[in-house]
Amino acid sequence: MKSYFLIFLFFSVHIAVFSQNSSEVLTGKVSYISSQNVYVKFENTDGIQVGDTLFTMQDNKPQPALIVTSLSTISCIGTPVSGSKLSSKTQIIAKKKITKTEITEKAKEPKSVNEEAIVKAFKKKKAEEPKARFDGRLSVSSYTNVSNYNTNQRFRYNLTLNAPNIGNSNLSFDSYLSFTHLISFPAKTTDWQGLNNALKIYSLSFKYDLSKTASISLGRRINVNMANIGAVDGLQFENTGKYFSYGALIGSRPNDLTYGFDSKLVQYGGFLSHHIENTTGNMQTSFAFFNQMNNFKTDRRFAYFQHTNSLLKNFDLFCSFEFDLYKVLNSVPLNTFDLTSTYVSLRYKPVDNLSLSLAYDARKNVYYYETYPQNKLDSILDKETRQGLRFNFYYRPFKNFTWGGNANYRLPSYINSDTVPTMNASSFISYSRLPLDIYGTINVMALRSVNTDGMVYGISLSRDFFAGKVNAQVDYRMTNYSRKSVLTSSENTATVSIFWRIARKTTISGNFEGTFTKDANYTTPNNYGRMYINISQRF
């Protein structure tokens, strides 16, 4: 095991001269604006990485607009960092860099995949005649985990297909499927958990354009105007006009555990939206109503109101309010009107190279009366309250230099009777013109919660080779933390990432990570390594 990590560190040192810098640009458009993020759709995101700055054009000059926080094959998710007037028609420019693939899988994959589905679902109607095309992407990924206690390998196969205006007609098709299976060493009987757990259908729908503004769809799809309820298996209708949009849906929601079709979870609802746009900015106000059921009994009935406003120069306001219209008290169903969630975000750009934002989050936990009938705790046990304040800043004092950071304050969790609030603050400095054309970033984060106090320090260096066809990046992160039940611990992580564009539509990438943990409670360090390899083919 020791030799494995020595080889890894030797490899890391020799790769450290790599970095990135590419002048090629990609163009996309804002497709959806949520309470915290902006979604941008591109033809593909090859060459964009997490942490990149996306730009808008103002007076024929690029102005920073977004910082990429996540990305998929065709879209980016970013946090606004300037007072740019962003709307669904805003053009976004990305300076092309090589994608660094995250190897740590999220616990709930449907959430991140749904974000991609939101972007793909939001498409403006074109004035010209329908034009048929067909595109897609097939990727094969391998995740290997090696530790002192366990070794396994996970394979994932993703397939996306997009066929708008089939045969130059008004009929379109869209799908996103994923198949995953696990292999442990030695093999375990729990490695295969059935087809329902291995195969995930995140999008599979047909859409028919009734006119230039109206359309209906059938299948599994997330509607951007009703994204709060996630994916819908059923029939949807929407009409987008110059100032008003409206729509309705009826169907069911996916099963909470398997994400498969569940006919018992019936839901229906609709929305109405008003939007205006002028030279100074845009404003959008929407209202929606939904009724969700379980076995034809009301599970939850609610409405939400959302408002976005950037009509004032250098100011951007977003607010969202959710109201529960139904509850069960002493086994008696009642109509109610309770403010369930509140979210308000204000962004201000006092000068061209400085952006400030402040957000208040009082979004509460949702309770389903039929899905979790025993008591309220069953519904919210794993969904602690997310209330709190968040402050962000982004500053570019001069060319090629960026300084940013954020601070968070979250109220104690009433579930665990916490008396200590959660607080964390982080900051980063990036410079894109280090010697040998290296792009470097240094970051630090401090965390305090009821169970953990800690500090995280990190550095990242990256570089392009062969006109951007090959990119390499090396990262190092040191974490020191203490917990109530465990004495002070430390963790050191080294990562090497390589990306190679073999052909215009074919790429291969790899990520090698070693983590070395030292815990005062254990005499043997808990060292482990992870390796990620991906081959992707677009067509």
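The values are calculated or read from the model by the stated rules, or taken from the named source; none is laboratory data. Not measured: the values here are computed from a predicted model. Backbone-built Cβ (ideal geometry, glycine too); neighbour counts: all protein chains shown. The area values use the complete protein model at the heavy-atom level, side chains included, leaving out ligands, DNA and RNA. Shrake-Rupley method; radii C 1.70, N 1.55, O 1.52, S 1.80 Å.
For Asp262 and Ile508, what does the FRET efficiency come to when R0 = 45 Å and r is the distance between their Cβ atoms, rounded to the nearest 0.05? Intermediate values should be presented prior to the final figure.
On the way: r = 38 Å, r/R0 = 0.84.
E(calc), rounded to 0.05, equals 0.75.
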task = Could you calculate, for the range 422-486, the ratio of the Cα radius of gyration to the Kirkwood radius, expressed as Rg to Rh?
result = 1.17
ask   = Once you put a point 7 Å from the Cα of Tyr360 and another 7 Å from the Cα of Tyr243, both along the Cβ direction, what distance in nm separates them?
value = 3.1 nm
task = Would you mind computing the Rg to Rh ratio of the range 148-207 from its alpha-carbon coordinates, Kirkwood style for Rh?
result = 1.24
query = Measuring from label point to label point, each 7 Å out along Cα→Cβ, what is the Ala214 to Gln153 span in nm?
reply = 5.5 nm
remark   = Rounded to a whole number, the Stokes-Einstein D of the range 224-303 in µm²/s (Kirkwood radius over Cα pairs; 4 °C; 1.567 mPa s) is 94 µm²/s
ask   = Expressed in nm to one decimal, what extension gain is obtained for the pair Val140 and Ser169 from 0.36 nm per residue of sequence separation less their Cα-Cα distance?
value = 7.2 nm
inquiry  = Along the Cα→Cβ direction, 7 angstrom out, place labels at Trp403 and Asn309. What is the inter-label distance in nm?
reply    = 3.3 nm
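Assuming a viscosity of 0.890 mPa s and a temperature of 25 °C, what translational diffusion coefficient in µm² per second does Stokes-Einstein assign to the range 304-361, Rh being the Kirkwood radius over Cα pairs? Write down the numbers at each step before the final one.
Values: Rh = 13.7 Å.
The calculation lands on 179 µm²/s.
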note = A 1.4 Å probe over the protein heavy atoms gives the range 232-362 a carbon and sulfur accessible-area percentage of 64 percent
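Can you pull a Stokes-Einstein diffusion coefficient for the range 193-259 at 25 °C (0.890 mPa s), Rh from Kirkwood over Cα pairs, as a whole number of µm²/s?
Numbers: Rh = 13.1 Å.
It comes out at roughly 188 µm²/s.
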request  = Using 0.36 nm per residue of separation minus the Cα-Cα distance, give me the extension gain between Asn492 and Phe179 in nm, one decimal.
outcome  = 109.4 nm
